[in-house]
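First up is the structure itself, then whatever we jot down about it.
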Amino acid sequence: MMWRRSGLLRREWADGTGLQRAAVAVITVALVGFLTMFSLGHRTAMLAFWLAGGVSGLILLLSGRARSDPDPGPVDT
């Protein structure tokens, strides 16, 4: 799976919130579903899996940017 120790999305799974972990799970299911529907020739279902994976990927990208630590600025003493 993509969230295992050697997986592509291991950081998102290990350090992620519930929303990020759900997005990783949906991306994994979407990848398997897309390839399955492609091999079976079901175009509509294939595009639905592609769209779900894309939306989940955007969630991961946007939540990763929001999670990065901004410059704290000057410290008040």
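Name the residue, out of SER63, SER6, SER39, SER56, that is modelled with pLDDT under 90 and part of a helix (DSSP H, G or I).
Working: SER6 fails: part of a helix (DSSP H, G or I); SER39 fails: modelled with pLDDT under 90; SER56 fails: modelled with pLDDT under 90.
Going through SER63, SER6, SER39, SER56 in turn, the sole match is SER63.
Would you be able to tell me the number of residues in the stretch 12-26 that are open to solvent by 30 Å² or more (accessible area, probe 1.4 Å) and in a helix (DSSP H, G or I)? Spell out how you get there, then give the answer.
Here is the first cut: in the stretch 12-26, the ones open to solvent by 30 Å² or more (accessible area, probe 1.4 Å) are 12-15, 17-19, 21-22, 25-26.
Checking which are in a helix (DSSP H, G or I) leaves us with 12-15, 18-19, 21-22, 25-26.
Result for the stretch 12-26: 10.
The values are calculated or read from the model by the stated rules, or taken from the named source; none is laboratory data. Predicted model only: the values in this text are computed from it and were never measured. Remember, those area values only see protein heavy atoms, side chains included, never the ligands or the DNA or RNA. Shrake-Rupley method; radii C 1.70, N 1.55, O 1.52, S 1.80 Å.
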